[in-house]
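Engineer: Sharing a structure with you now.
Please treat every number below as a calculation from the coordinates, not as lab data. If you're wondering where the values come from, they're calculated on a predicted model, not measured in any experiment. FYI the Cβ positions are ideal-geometry reconstructions off the backbone, even for glycines, and counts take in every protein chain you see.
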């Protein structure tokens, strides 16, 4: 499984909370468009938003980058934040909720 990880550092928790719905809407729309395998969006008390997007194949990753890869550029027009990120290969993932009956 392939993944794309973003880390967004906002000046305050309040700023991150205002930006979070935009992140969720922008990337939530990519779920059916790009056949995402998974999406995690986390917010910290320090004003960070961490995003992990999972793909079954490189085709889905390329489609995501083509159709939704510019969401950070759009956000930078409205919000003040620093961003880092990387593409990776998922080497381990556990989700206890999927095993519960």
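Engineer: What's the extension gain from residue 33 to residue 83 if we count 0.36 nm per residue and subtract their Cα-Cα distance?
Structural biologist: 15.6 nm
Engineer: Give me 1, 75 ranked fewest to most by other Cβ atoms within 10 Å of their Cβ, as a rough exposure proxy.
Structural biologist: 1, 75
Engineer: Turning to a different aspect of this structure: Calculated from DSSP H runs of 4 or more alone, at -39500 (n - 2.57) each and per residue, what is the 222 nm mean residue ellipticity of the chain, nearest 500?
Structural biologist: Computed ellipticity for the chain at 222 nm equals -11000 deg cm²/dmol.
Engineer: Oh, and also: Where does each of 25, 60 land when they are ranked from fewest to most other beta-carbon atoms within 10 angstrom?
Structural biologist: 25, 60
Engineer: Could you estimate the translational diffusion coefficient of region 30-80 from the Stokes-Einstein equation, with Rh from the Kirkwood formula over C-alpha pairs, at 37 °C and 0.692 mPa s, in whole µm²/s?
Structural biologist: This corresponds to a translational diffusion coefficient of 271 µm²/s.
Engineer: Average projected area of the Cα convex hull of the chain, in nm²?
Structural biologist: Projected area, direction-averaged: 7.1 nm².
Engineer: Another question about this same structure. Within 10 Å of each residue's Cβ, count the other Cβ atoms and sort 84, 5 from fewest upward.
Structural biologist: 84, 5
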